[in-house]
Amino acid sequence: MLTTQTEATKLDLAGIRAQFPSLSQTVNGCPAIFLDGPGGTQVPQRVVDAISRYLSRDNANSGGNYETSRRTDRMLQEARHAMADFIGCDPDEVAFGMNMTSLTFAMSRAIGRELKAGDEIVLTCLDHDANFAPWKALEEDGVVIRVADINEADCTLDIADLASKINNRTKVVAVGVASNAVGTINDVAEITRLAHTVGALSYIDAVHYAPHGPIDVRAIDCDFLVCSSYKFFGPHMGILYGKREHLQRFTPYKVRPATNDSPQRWEVGTLNHECIAGITECVNYLADLGRGFDRSATSRRHAILLAMREIQLYERSLAEQLIAGLLAIPGLRFYGITDPSRFAHRCPTVAVRINDSDPGHTPAQLASRLNDRGIFTWDGNYYAINLTERLGAESSGGFLRIGLAHYNTTEEVGAFLQALRDVVS
Ligand SMILES: Cc1ncc(COP(=O)(O)O)c(C=O)c1O
């Protein structure tokens, strides 16, 4: 696959791609094209090396009075600093967990133990079920769940509907920064402001958004934010941000001998240390990307922001190419924002269907036929099941999802569009 430096971006695409070993594979005799980033991105070699280095040199449990355990404690502290730089908080506001889903179940149970029957939680039908089901489970305790709708025409969140569902009984508003199905970006700072007007907590799911743009939890002013490093070029882990006072005040479900210090009290059991070593490295990868094209970066946080802003611009240009090409395919139905002037409100993640009446073109069949040509896409509901149901697509296979990351190229988008045209013609 040709990997030229694109005129429109400061990103050195060839240099970036050379760092990701998986990108040079061929599959079924074709260069592999990874359009499955929303399900999990590829990792640079330095992340693989950091994981392997930890296992081969520092492997130990934490909190012991011997060398490798002390190294492990230092490594955990470094990772907290790295994630704090990634999302714009302090290291003691970062907790690690198996994934976003398990962290959210843990936090929703901790918050839930303080709620009473009749208290309300506002959710949305745009969200991944991981920011829905854990809260909905609190219905067992009499908590009332209210679900904000979407504007069907462009799959944006209906903010007026969400605002109308927030009232003095609302205790939590849980919403995603971006939809993992249709790419819509929500104004989570405004939603947090709405939640705070009635004293409710905002719980923000940044899993889908994290590889696509800068995150600033202080600017959002959210109470909690969760993300998963396997979506931003790191290992399979979840990360929880909580305002310091919340992490100290709420009571986690935990074993008794484990520390009550925060944030460690939220980290249940022995963590996946090798992967946490990888998290520091994926954050450093992004920071080095930023430093690579702008030496003015004064700190790691600054360098990350430079990288994420450039990634955002580059991905927007790829999305324009992708979406214009998709809209030109006869019989294709597109779900989400299509107007390039509104691309600041979407990620480069798109959902489509082809000729609903044609039995050969279900999302699963399309994904499988694209795979024959070495192109990786996802099909189904990707756990955004409220959305596929709301849009009437659940019973017929959901959508075909194409997700771009900064390591994708215009040549790859072109090859994908050609393959899809061939497959459906
Ligand atoms: C938007 C969104 N939220 C939450 C999740 C769940 O994350 P995890 O796999 O870390 O539990 C995903 C996973 O795809 C996601 O896309």
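Just so you know, all these numbers are worked out from the coordinates, no wet-lab data involved. Bear in mind the structure is a predicted one, so any value in this text is a computation, not a measurement. Here Cβ is always computed from backbone atoms with ideal geometry, including for glycine, and neighbour counts include all displayed protein chains.
Tally the DSSP beta bridges in region 146-229 and give the antiparallel ones as a percent, rounded to 5.
Values: 3 of 11 bridges.
Antiparallel bridges make up about 25 percent of those DSSP assigns within region 146-229.
Determine by what factor the alpha-carbon radius of gyration of region 84-195 differs from 2.2 N^0.38 Å, reporting the quotient.
Scaled against compact globular proteins, the figure is 1.09.
What does a probe at Asn167 reach in region 91-135, counting residues whose amide N is under 20 Å from the point 7 Å along Cα→Cβ?
115-125
Give me P(r) over region 1-130, computed from all C-alpha to C-alpha distances, binned every 5 Å, as integer percentages.
2, 7, 9, 13, 15, 14, 14, 11, 8, 5, 2, 1
What nm distance separates the two modelled labels at Arg309 and Arg193, each placed 7 Å from Cα along Cα→Cβ?
That separation, rounded to one decimal, is 2.2 nm.
Sort the following peptides by mean Cβ neighbour count (other Cβ atoms within 10 Å, averaged over residues), highest first: 206-216, 291-301, 50-60.
Final packing ranking: 206-216, 50-60, 291-301.
Among all stretches of the chain without exposed GluC sites (Glu not before Pro) (DSSP loop, at most 13 other Cβ atoms within 10 Å), which one is longest?
Formally, the longest exposed-site-free interval is 153-425.
Mean separation of Cα pairs under 8 Å and 6+ residues apart, divided by the residue count of region 1-146: what relative contact order is that in percent? Present the calculation step by step, with values, prior to reporting the outcome.
Working: 116 pairs, mean separation 16.6, N = 146.
With pairs under 8 Å counted, the relative contact order is 11 percent.
Tell me, what is the Rg over Rh of the chain, with Rh the Kirkwood radius over Cα pairs? The partial results should precede the final answer.
Numbers: Rg = 21.5 Å, Rh = 22.2 Å.
Answer for the chain: 0.97.
In the chain, what percentage of the DSSP-assigned beta bridges are antiparallel, given to the nearest 5?
55
Where the centre of each part is set by its Cα atoms, how far does region 21-70 sit from region 107-131, in angstrom?
33
When the helices in the chain are scored as -39500 (n - 2.57) per DSSP H run of 4 or longer and the sum is shared across all residues, what 222 nm value do you end up with, to the nearest 500 deg cm²/dmol?
After summing the helix terms and dividing by the residues of the chain, the value is -11500 deg cm²/dmol.
Ranked by Cβ crowding within 10 angstrom, fewest neighbours first, how are Ser341, Ser179, Ser102 ordered? Could you put the intermediate results ahead of the total?
Details: Ser341 7, Ser179 31, Ser102 15.
Least to most surrounded, the residues fall as Ser341, Ser102, Ser179.
Please rank Cys30, Cys155, Cys227, fewest neighbouring Cβ atoms within 10 Å first, as an exposure proxy.
Details: Cys30 16, Cys155 22, Cys227 27.
Lowest to highest Cβ neighbour count: Cys30, Cys155, Cys227.
In which sequence would Leu247, Leu327, Leu13 go, from the one with the fewest C-beta neighbours within 10 Å to the one with the most? Spell out each step's value before the answer.
Working: Leu247 24, Leu327 11, Leu13 20.
Going from sparsest to densest Cβ surroundings: Leu327, Leu13, Leu247.
For region 157-232, which trypsin sites (Lys or Arg not before Pro) are in a loop by DSSP, counting at most 16 other Cβ atoms within 10 Å?
Arg169
Rounded to the nearest 0.05, what FRET efficiency is calculated for Ala328 and Ser22 with R0 set to 51 Å and r the Cβ-Cβ distance? Spell out each step's value before the answer.
Details: r = 30 Å, r/R0 = 0.60.
Calculated value: 0.95.
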